[in-house]
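K.L.:
Here it is, the structure in full.
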Amino acid sequence: MITGELKNQVDKIWEAFWTGGISNPLTVIEQFTFLLFLRRLDERQLLAEKKANMIGGSVEKPIYLAVHQKFRWHTFKNLDPESLFALFTQPQVDSDNLTTFEFMKQLGSHAGVFAEFMKGATFMIPTPKLLDQVVQMIDKIQMDDRDTKGDLYEYLLSKIATAGTNGQFRTPRHIIKMMVEIMQPTQEDSLCDPACGTAGFLVATGEYIHDHHPDWFHQQAFRAHYNRAMFTGIEFDSTMLRIAAMNLQLHGIDSPQLIGRDALSEANAEMRDQYSLILANPPFKGSLDYDSVEHSLHKTVKTKKTELLFIALILRLPT
């Protein structure tokens, strides 16, 4: 459970963004996530370097090569605000002509599922003062275990619901938890949310398993299934996909199957009979043109309403 101190830290970061000129809740969360990702990348390599030093070896497939050392969190956090901002916004001649942000965007799958969805991402922190302020505050947050990291991000995402101005519909966490507990996921289940948003149902399923069946993780076969095939989310909004990826990773689900496309479109036509469990809160009050909807869905229900089309899709997906 998130502590008062952690809430206070997140609230201060949120307030800094707000007073610094970024008021859209999703933009705040996305920019926060970019910086959080950079901190995690550096921590990941620091751990790998520590292990390599202990055995007298070298880091295999390092995230940061020698030419990219200035892009590491523990290095740039000590810069003055102007130099820090320049590192994020001005290509560095001695570092492959990249900025810190462009370096992060070009990492790809080597850096995890979050990095796979960086195409089209934009750095939107407008001033050196705000960037330095947020970096220093994020650096002070203690994130030593999965529960703390997950709770922090869940609290951050809860601000989407309270803001109410961004057009997103976030299912209340207690409703998600209730639905997961009713379904009682098993070791063999393969879960899909065809409108995953911030991945609340996928995260809640992972938490249910950790809480109710921690012994399952003693089995190598289950760990492999959990880390590679158990969780699938479909989402057409690239910003939400990045947020979902970070939410899952901070909850210890490192390699979920996240698919960036419209679940109701022809591009999704081949997806059928693949999953044993569907958990979703489909978008309501939407309406689509008949021609834009995957044709087989109209064999189940002839409608333009997204909530009914998603029900038709959900009926088709399970094995």
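The values are calculated or read from the model by the stated rules, or taken from the named source; none is laboratory data. What you are looking at is a predicted structure, and each value in this text was computed from that prediction instead of being measured. Using ideal geometry, Cβ is built from the backbone for each residue, glycine included, and neighbour counts are taken over all protein chains shown.
K.L.:
Among helices (runs of 4 or more DSSP H) lying entirely in segment 168-232, which contain 1 or more residues that are among the β-branched types (Val, Ile, Thr) and within 30 Å of Leu308 (Cα to Cα)? Can you show your working first?
P.N.:
On the way: elements: 173-183, 200-212, 220-228.
Per the criteria, 173-183, 200-212.
K.L.:
Kindly evaluate Asp193 against the criterion of being more than 17 Å from Leu38 (Cβ to Cβ) and outside the structural domain of Trp73 (by TED's automatic domain parsing). Even if it seems obvious, please write down each step before you answer.
P.N.:
Values: more than 17 Å from Leu38 (Cβ to Cβ): yes; outside the structural domain of Trp73 (by TED's automatic domain parsing): yes.
So Asp193 fits the description; yes.
K.L.:
Here is a follow-up. Quick one: in segment 243-266, of everything that is aliphatic (A, V, I, L, M) and in a loop (DSSP other than H, G, I, E, B), which residue is modelled with the highest pLDDT?
P.N.:
The extreme case among them is Ile253.
K.L.:
Sticking with this one: Just to be sure I understand, how many residues within segment 47-62 are of a type in the set (Gly, Ala, Ser) and more than 23 Å from Phe103 (Cα to Cα)? Please lay out each step first, then the result.
P.N.:
First, pick out the residues of segment 47-62 that are of a type in the set (Gly, Ala, Ser): 48, 52, 56-58.
When the remaining residues are screened for being more than 23 Å from Phe103 (Cα to Cα), the result is 52, 56-57.
So the answer is 3.
K.L.:
Same structure, new question: Only residues in segment 81-102 that are assigned to a helix (DSSP H, G or I) count as the first member; pair them with residues that are of a type in the set (Ser, Thr, Tyr), Cβ under 8 angstrom, at least 6 apart or cross-chain, and list the lot.
P.N.:
Between residues of segment 81-102 that are assigned to a helix (DSSP H, G or I) and residues that are of a type in the set (Ser, Thr, Tyr), the close pairs are Phe85/Thr127; Leu87/Thr99; Leu87/Thr100; Phe88/Thr99; Phe88/Thr100; Thr89/Thr99; Phe101/Thr89.
K.L.:
With Met240, Met178 as the choices, which residue is out of contact with any strand residue (DSSP E or B) (no Cβ under 8 Å at 6 or more places or on another chain) and modelled with pLDDT under 95? Walk me through it before giving the result.
P.N.:
Working: Met178 fails: modelled with pLDDT under 95.
After ruling out the rest, the residue left standing is Met240.
Residue-by-condition table, conditions (1) closer than 18 Å to Val10 by Cβ; (2) crowded, with 17+ Cβ neighbours inside 10 Å; (3) in contact with a helix residue (DSSP H, G or I) (Cβ under 7 Å, 6 or more places away or on another chain); (4) not assigned by TED's automatic domain parsing to the domain that holds Val10:
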residue	(1), (2), (3), (4)
Gly108	no, no, yes, no
Phe114	no, yes, yes, no
Phe117	no, yes, yes, no
Met124	no, no, yes, no
Thr127	no, no, no, no
Gln133	yes, yes, yes, no
Lys149	yes, yes, yes, yes
Tyr153	yes, yes, yes, yes
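Okay, residues lined up against (1) farther than 26 Å from Pro185 by Cβ; (2) modelled with pLDDT under 70; (3) in contact with a helix residue (DSSP H, G or I) (Cβ under 7 Å, 6 or more places away or on another chain):
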residue	(1), (2), (3)
Phe284	no, yes, yes
Asp289	yes, yes, no
Ser292	yes, yes, no
His295	yes, yes, no
Ala312	no, no, yes
Thr319	no, yes, no
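K.L.:
For the condition among the polar types (S, T, N, Q), in a helix (DSSP H, G or I) and touching a helix residue (DSSP H, G or I) at 6+ places or on another chain (Cβ under 8 Å), what is the one hit in Gln31, Gln45? Show your work before the answer.
P.N.:
Working: Gln45 fails: touching a helix residue (DSSP H, G or I) at 6+ places or on another chain (Cβ under 8 Å).
One residue alone meets the criteria, Gln31.
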